[in-house]
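Colleague: First the structure, then my questions, so here it is.
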Amino acid sequence: MAETAARTWGGTTLSDRRAARREQLLEAGLELLGTGGSPAVSVRAVCRRAKLTERYFYESFTDREELVLAVYERVAAEAHEVLVRSVSDAPRSATERAEAAVTAFVQLMLDDPRKGRVLLLSPMTDPTLSRRGVELLPAFAALIREQLPGKADELDREMTAIGLVGALANLFIAHLDGSLDASRDRLVAHCVRLLSRADALHT
């Protein structure tokens with residue numbers, strides 16, 4: 001099997017071509033989920049968008065739910081990585097770290113609104129993503145908790161972090177669905193103030 005996968009055709013191996021097809025399907029899933037929401041994603045629609053047959057869909061995914069989850073988890077992983085990197089690269093000032101994190105998250109979510117809708121809006125209508133979103137919440141709350149001063153007890157820090165994740169997520173949801181009419185700069189500034197005030201509570 002390994003020998004077959006390594007056999008080249010047109011300069012690429014079978015494994016390379018499978019990986020490329022999987023990327024096409026994931027990109028198609030991102031486009032459909034990020035523009036039309038969960039109802040827009042079906043095996044047929046994804047294949048049509050990716051210009052691949054259903055045979056190739058089932059080569060990479062067992063069903064539609066597995067694809068949707070893969071798209072969601074890819075965006076969630078990218079968001080987590082962006083936040084970790086922005087904080088680690090920022091100066092040590094709490095306000096500067098908050099501004100770096102919020103700015104990086106805004107760039108990811110709003111420069112490509114598809115990603116914002118996948119991460120924040122799609123879980124509201126897709127049960128599979130709703131469950132996964134709840135499971136991923138602690139990882140994002142931990143990022144905030146780690147930035148809070150250590151003088152407060154652990155439970156207080158945990159509650160503050162979870163509350164902030166909810167508040168920030170709802171601000172971005174409102175911005176993405178059009179119910180919040182605020183400029184990007186105003187949104188960033190408000191989120192930074194929220195994080196900075198939370199930091200002050202624990203000093």
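Colleague: Taking the Cα centre of the range 10-95 as the origin, how large is its charge dipole in debye, to the nearest 20, when only Lys and Arg (+1) and Asp and Glu (-1) carry charge on their Cβ atoms?
Modeller: In total the dipole reaches around 280 debye.
Colleague: Further question: Among residues other than Ala70 whose Cβ falls under 12 Å from its Cβ, what is the net charge (Lys/Arg +1, Asp/Glu -1)?
Modeller: -2
Colleague: Please work out the average accessible area per residue across the chain, using the 1.4 Å probe convention, and give it in Å².
Modeller: Ligands and nucleic acids excluded, the result is 55 Å² per residue.
Colleague: Starting from the 7 Å offset along Cα-to-Cβ, what nm value, one decimal, do you get for the label separation of Thr12 and Glu78?
Modeller: 2.0
Colleague: Provide the per-residue ³J(HN,Hα) series for the range 55-64, in order, calculated from phi with Karplus coefficients 6.51, -1.76, 1.60 and θ = phi - 60°, each as a whole number of Hz, with x at glycine and proline positions.
Modeller: 4, 6, 4, 6, 5, 10, 9, 6, 6, 4
Colleague: Also, I was wondering about something else. I want the local charge near Ser86. Using Cβ-Cβ distances under 10 Å, sum +1 for each Lys or Arg and -1 for each Asp or Glu among the other residues.
Modeller: -1
Colleague: Based on Cβ point charges of +1 for Lys and Arg and -1 for Asp and Glu, what charge dipole magnitude is obtained for the chain about its Cα centre, in debye rounded to the nearest 20?
Modeller: 520
Colleague: Determine the relative contact order of the chain: mean sequence separation of Cα pairs under 8 Å and six or more apart, normalised by residue count, in whole percent.
Modeller: Once normalised by length, the contact order is 20 percent.
Colleague: Relative contact order for the range 36-152: what is it in percent, counting Cα pairs under 8 Å that are at least 6 residues apart?
Modeller: Relative CO of the range 36-152 lands at 25 percent.
Colleague: So, one more: What are the ³J(HN,Hα) couplings of the range 118-128, residue after residue, when phi is run through the Karplus curve with 6.51, -1.76, 1.60 and θ = phi - 60°? Round to Hz, x for glycine and proline.
Modeller: 4, 6, 10, 8, 4, x, 6, 10, 10, x, 4
Colleague: Something else now. Just to be sure I understand the curve: with the Debye formula and one point per C-alpha of the chain, what is log10 I(q)/I(0) at q = 0.12, 0.15, 0.18 Å⁻¹?
Modeller: After summing over all Cα pairs, the log10 values are -0.69, -0.94, -1.18.
Colleague: Along the positive direction of the dipole of the range 89-148 (beta-carbon charges: Lys, Arg +1; Asp, Glu -1; about the Cα centre), which of Phe105, Thr95, Leu119 reaches farthest?
Modeller: Positive-most Cα among the choices belongs to Leu119.
Colleague: How far apart, in nanometres, would the label points at Arg55 and Val43 be if each is projected 7 angstrom from Cα along the Cα-to-Cβ direction?
Modeller: 1.5
Colleague: For the range 121-174, which trypsin sites (Lys or Arg not before Pro) are both in a DSSP coil and crowded by at most 12 other Cβ atoms within 10 Å?
Modeller: In loop regions of the range 121-174 (DSSP not H, G, I, E or B), the sparsely surrounded trypsin sites (Lys or Arg not before Pro) are Lys151.
Colleague: Which listed residue (Gly29, Cys47, Ile173) has the Cα farthest towards the positive end of the charge dipole for the chain, taking +1 on Lys and Arg C-beta and -1 on Asp and Glu C-beta about the Cα centre?
Modeller: Cys47
Colleague: Okay, helix-only estimate at 222 nm for the chain: each DSSP H run of n ≥ 4 adds -39500 (n - 2.57), divide by all residues, round to 500 deg cm²/dmol; what do you get?
Modeller: The helix-only estimate for the chain comes to -24500 deg cm²/dmol at 222 nm.
Colleague: Right, something else. Using only the Cα atoms of the range 87-146, build the gyration tensor, take square roots of its eigenvalues as a ≥ b ≥ c, and label the shape rounded, prolate or oblate: rounded if a/c is under 1.5, else prolate if a/b is larger than b/c, else oblate.
Modeller: oblate
Colleague: Tell me the carbon and sulfur percent of the accessible area for the chain, rounded to whole percent, probe radius 1.4 Å.
Modeller: Using a 1.4 Å probe with all protein chains present, the chain comes out at 55 percent carbon and sulfur.
The values are calculated or read from the model by the stated rules, or taken from the named source; none is laboratory data. Note that the coordinates shown come from a computational prediction; the quantities given were computed from them, not determined experimentally. Neighbour counts run over all protein chains shown; Cβ positions are idealised from the backbone, glycine included. Ligands, DNA and RNA are stripped out before the accessible areas are found, and what is left, the full protein with its side chains, is counted by its heavy atoms. Shrake-Rupley method; radii C 1.70, N 1.55, O 1.52, S 1.80 Å.
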